[in-house]
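Student: Here it is, the structure in full.
The values are calculated or read from the model by the stated rules, or taken from the named source; none is laboratory data. Keep in mind that this is a model prediction, so the values were computed, not measured. Ideal geometry is used to build each Cβ from the backbone, glycine not excepted, and the neighbour counts take in all protein chains shown. What goes into the accessible areas is simple: the full protein's heavy atoms, side chains included, and nothing from ligands, DNA or RNA. Shrake-Rupley method; radii C 1.70, N 1.55, O 1.52, S 1.80 Å.
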Amino acid sequence: LCQTSSATSTVNGTELKDFLHISDFDKATILKILDRAAEVKALLKSGDRTFLPFKGKTMAMIFAKPSMRTRVSFETGFFLLGGHAIYLGPDDIQMGKREETRDVARVLSRYNDVIMARVFAHQDILDLAKYSTVPVINGLTDFNHPCQIMADALTIIEHIGQLEGTKVVYVGDGNNIVHSWLLMASVIPFHFVCACPKGFEPDAKTVEMARQAGISKIEITNDPKEAVRGADVVYSDVWASMGQKEEAAQRRKLFEGFQVDEDLMKLAGPNAYFMHCLPAERGVEVTDGVIEAPNSIVFPQAENRMHAQNAIMLHVLGL
Ligand code: CP
């Protein structure tokens, strides 16, 4: 893993960058995109519908995997800013199976101004970006989920003032969300802790890359109680319902002690926020009490998917 090579596209002689990994960008660019997200969010919240930078533009959205938030937030955001998004599900496209990824990339580039894709294998998004002549945005792969982490960063900035210097403690599976946090930690300095069961640690190369960047404190532990002390944010992600029934039952056993409940939040302190990228399995990964508490910011976080992505689309389109 840790394949963070970036790809570029050229439109009208201007080099435009795909949005595949947070670590492809420097701190100034990430903060600029987040500022833009806040600016466009304020405009949309005010009811102003005159900012239409995507007018006359189309976006192809490839979904090899199911989604609620990613699909609706991209489609709504692109529409609100004047564009038209086209949903392509597994019945429309089977990249690498019914049609080669390089052909899909080149054909969609002929119709669309931007491509967003949610795929299984990370190599698929790299191939898509390599052969596409328009910008490609990563809507989740088995390696990372950069749009989610941009929305998370925006939410933290709104509630705490900044991401820099905060302590973010992730409790759960060391999966693509953790990899995205690690890539963010190689660009913005903060304290990131991943507390996961033994055997569910994040990709070692990605942990090493984030540590090598030398700007953030990175800890990987198997002790959630110790991890959450002093946290500004306690974050969890779906780990309960992965795979088949038997696998899910086995997972629940392995993840015993990793549920975010009221006792764990008490250890984090009275000002700690609870975040979850959703969907959440209530009563398993997180208690109802924690997700419904006043310091749970999961719904502003979900809303910010749209605002962060609007700014990402503006950035890759050079608008
Ligand atoms: N968090 C997230 O990506 O949600 P969806 O799977 O619903 O898109």
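Student: Relative contact order for the range 112-153: what is it in percent, counting Cα pairs under 8 Å that are at least 6 residues apart?
Tutor: Details: 53 pairs, mean separation 17.5, N = 42.
Contact order relative to length: 42 percent.
Student: Still on this structure: Checking a compactness column here: for the range 94-165, what do you get for Rg(Cα) / (2.2 N^0.38 Å), N being the number of residues?
Tutor: On the way: Rg = 15.2 Å, N = 72, 2.2 N^0.38 = 11.2 Å.
Rounded to two decimals, the normalised Rg is 1.36.
Student: Separate question: Which value, in Å², gives the accessible area per residue of the range 65-135 when a 1.4 Å probe is used on the protein heavy atoms? Could you put the intermediate results ahead of the total?
Tutor: Numbers: 3660 Å² over 71 residues.
Counting only protein heavy atoms, the per-residue value for the range 65-135 is 52 Å².
Student: Still on this structure: Answer with one residue from V134, V234, H179: the one whose Cα lies farthest towards the positive end of the charge dipole of the chain, charges on Cβ with Lys, Arg +1 and Asp, Glu -1.
Tutor: Result: V134.
Student: From the Cα gyration tensor of the range 109-252, with a ≥ b ≥ c the square roots of its eigenvalues, which class applies: rounded if a/c is under 1.5, or else prolate if a/b is larger than b/c, or else oblate? Write down the numbers at each step before the final one.
Tutor: Details: a/c = 1.94, a/b = 1.30, b/c = 1.50.
Taking the square roots of the gyration eigenvalues as a ≥ b ≥ c, the range 109-252 is oblate.
Student: For the range 194-319, restrict the atom set to alpha-carbon positions and state the Rg and Dmax in Å.
Tutor: When restricted to the Cα atoms of the range 194-319, Rg and Dmax are 16.4, 49 Å.
Student: Which cross-chain or sequence-distant (5 or more) residues have an amide H under 5 Å from the amide H of S296, H modelled 1.01 Å from N in plane?
Tutor: Correct list: F274.
Student: If you don't mind, there's one more thing I want to ask. Positive end of the charge dipole of the chain (Lys, Arg +1 and Asp, Glu -1 on Cβ, about the Cα centre): tell me which of F299, A60, P189 has its Cα farthest that way.
Tutor: Most positive-ward Cα: A60.
Student: What is the log10 of I(q)/I(0) for the range 146-196, computed with the Debye formula using one identical point scatterer on each Cα and no solvent, at q = 0.22, 0.31 Å⁻¹?
Tutor: Here the Debye-derived log intensity ratios amount to -0.78, -1.38.
Student: Convert 25 °C to kelvin, take the viscosity as 0.890 mPa s, use the Kirkwood radius over C-alpha pairs of the range 14-90 as Rh, and evaluate the Stokes-Einstein diffusion coefficient in µm²/s, rounded to a whole number.
Tutor: Details: Rh = 14.3 Å.
The diffusion coefficient I find is 172 µm²/s.
Student: So for the chain, what percent of the C-alpha to C-alpha distances run longer than 26 Å? It would help to have the intermediate numbers written out before the result.
Tutor: Details: 22778 of 50721 pairs.
When every Cα pair of the chain is considered, 45 percent fall beyond 26 Å.
Student: Run the reach check for K205 against lysines, Cα to Cα strictly under 21 Å, same-chain hits fewer than 8 apart removed. What comes back?
Tutor: Of all the lysines, those that pass the test against K205 - Cα under 21 Å, at least 8 places apart if same chain - are K217.
Student: Bins of 5 Å, beginning at zero and ending with the bin holding the largest distance: percent of Cα pairs per bin for the range 21-179, please.
Tutor: Values per bin, smallest distances first: 2, 8, 15, 20, 20, 16, 11, 6, 2, 0.
Student: Of C147, F79, V284, which is farthest along the charge dipole of the chain in the positive direction, counting Lys and Arg as +1 and Asp and Glu as -1 at C-beta?
Tutor: Value: F79.
Student: Under the definition of Cα pairs under 8 Å and six or more residues apart, what whole-number percent is the relative contact order of the range 223-299? Walk me through the numbers before you get to the answer.
Tutor: Numbers: 104 pairs, mean separation 31.0, N = 77.
Dividing the mean separation by the residue count of the range 223-299 yields 40 percent.
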